[in-house]
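The values are calculated or read from the model by the stated rules, or taken from the named source; none is laboratory data. This structure is a prediction, so every number in the text was calculated from the model and none was measured. Glycine also receives a Cβ, built like all others from the backbone with ideal geometry; neighbour counts cover every protein chain displayed. Side chains are part of the model used for accessible areas, which takes the heavy atoms of the whole protein and leaves out ligands, DNA and RNA. Shrake-Rupley method; radii C 1.70, N 1.55, O 1.52, S 1.80 Å.
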Amino acid sequence: MPPPRTFLPGSTVGVMGGGQLGRMFAMAARRMGYRVHTFSPDEDTPTGQLADREVAASYDDAEAVRDFARGIDVLTFEFENVPTQTVEWAAEFCEVRPSANVLHICQHRLREKQFLASGDFPLPGFRAVNSAGELADALKELGAPAVLKTAAFGYDGKGQRKIERREDPAAVWKEFGGAHAVLEQFVEFDKEVSVIVARGADGQMAAYPVCENVHRHHILDITVVPASIPAEVDVQARVLAGGVAEKLDLIGLLAVEMFLLKDGTLLINELAPRPHNSGHFSFDASLTSQFEQQLRAVCGLPLGSTESLRPAAMVNLLGDLWAKGEPDWVAAAAIPYVKIHLYGKKEPRPGRKMGHLVAFGNSAEEAMHHAQTARAALVRADAPATKRRAPLKSSR
C-alpha cells in the first residue's frame, strides 16, 4: 500500500462549507503558505471573504463540484452535513480528508450512536424511533424525562425536544413532525466537557486539554480551559476521544462532546469531524490552534503541540447582542487580556453566532471573569437588561 500523500505549503486546500470554522481555517492555512478555495451554496461567506477562490453552487451540482475538485489538491470540511454523493464526486479528482465514510457516520445521530455502541464506547441509552408507537415503546424502556432528536442534520439544539413524564407520546410525535428520530436517555450530568483530537494520515494523534462547557438554550455559551476536573478524568476523556478517532480511521480533526456524571463516569454525547466551537480558545491560547492542526493533519504534516500557553475562556457572541444596535466594541477592547473575533456576517439574528471573545487569566476562573466582563461591556446602556449568567461551577 503506498504511503499517504503529503501536501506541502503552496498546495491548494479546498474547504466544503463557508462558515466561521472555514474562515479561521483559511487564516491558519494562508499564514502557512497554502492557497484556500471554498465551496458552499452562498456568496460572500465568512470563509469566502478570506479564500483565494469562492465557489457558490449547490452541493447537488455534480459539474460544479467536479470543477471545484479539479482545482485543489486536498479537500476538507468545516461542516459535516455535506451529501455523501458530493464527497464522492470530489474524490474523483482530489484527496478527501476526512473520508466520506466519516462524514456519513457523524452527520446522522442514529448511525453515530450505533457506531459508538459497536465499539463499546460509553454513551447514554438510545432507541431508534420512526412512529408514535415506537416512541411510546422507547419511553417505556428508557423512561422519562428523555430527549427526542431528529436522526439527521442537527446542531446547536436544532431538531430536538425534551419529553417530560406523563406527556402523550402520540401528541409529541405529531408535534415533532414524524421525522426519523432517536430517543436518548436523559442524563443528570455534573459537567459538559469536550475533547478535540487530531489524527494524521500516519496515525499520529494529539489531543487538546479537556474543555469545560456551559450551554444556554442548547447553544454553547462559555468554554473554559483547563476544565476543573480530576486528573484521572482528564486522562480518561483524552483516551476516549483518541479511541473514537482511531476506530473512525479519521484523518483530520474530531471533537468529542461528553457528559461527566457526579460519580466521575464519562458518557459520549456527540461527535463532530471538524473544528469545534469549544476549541476556539486554541486560536489564541495554544501553541497550535485547532485550525492549524486540522491543516497539518489533512496535508500530512507532523502534528503540532497542543500545549496551552495560559488558562483561557471563550464566550460566544450571538446576534441578540445587536438588538439595540452595534455592540460597544471600544468598551470590550478596553478590558485587558481579551481578544475579539468577528466572523464577517452581515445580518445578526437571535441565536446566530456572530463572533466570540477569548480572555486569559492566571487561573481558569480569572479568565472566565475577564471574558464575561468583556461581553457584558458590549451591551450599550440603552439596551434592555439581561439576566446575569450563573458562574461556572468549580471545585478549585
For R66 and D42, extending 7 Å from Cα along the Cα-Cβ vector and measuring point to point gives, in nm, a value of 2.9
In whole percents, the bins of 5 Å from zero upward hold the Cα-Cα pairs of the range 212-299 as 3, 12, 21, 26, 22, 12, 3, 0, 0
Treating only Lys and Arg (+1) and Asp and Glu (-1) as charged, each at its beta carbon, one finds that the chain has a dipole about its Cα centre, in Debye to the nearest 20, of 780
Scoring the chain by relative contact order with C-alpha pairs under 8 Å, at least six apart, yields a percentage of 14
Expressed per residue, the solvent accessible area of the chain in Å² (1.4 Å probe) is about 44
Counting only protein heavy atoms and leaving out ligands, DNA and RNA, the solvent-accessible surface of E63 at a 1.4 Å probe, in Å² to the nearest 10, equals 150
For the range 86-148, the charge dipole (Cβ of Lys, Arg +1; Cβ of Asp, Glu -1; about the Cα centre) points to a positive end, and the Cα of A144, V87, S118 closest to that extreme belongs to A144
Those GluC sites (Glu not before Pro) from the range 70-111 that are DSSP loop and have at most 15 other Cβ neighbours within 10 Å turn out to be E92
Hits for the chain under the membrane-span-like helix rule (DSSP H, Cα axial span at least 20 Å, Kyte-Doolittle mean at least -0.5) are 231-248, 364-378
With a Förster distance of 22 angstrom and the Cβ-Cβ distance between S305 and N362, calculated FRET efficiency to the nearest 0.05 equals 0.55
What helix-only [θ] at 222 nm does the chain give? Using -39500 (n - 2.57) per DSSP H run of at least 4, over all residues, to the nearest 500, the answer is -8500 deg cm²/dmol
Flagged as over-length at 29 Å C-alpha distance, from K113/K345; K149/K247; K162/K339; K162/K353, the pairs are K113/K345; K162/K339
Carbon plus sulfur, as percent of the 1.4 Å-probe accessible area of the chain, comes to 51
Rounded to 0.05, the calculated FRET efficiency for the beta carbons of D190 and R161 at R₀ = 25 Å is 0.60
As straight-line cross-link partners of K174, the qualifying aspartates and glutamates (C-alpha separation under 17 Å, not fewer than 8 residues apart within one chain) are E134, D137, E164
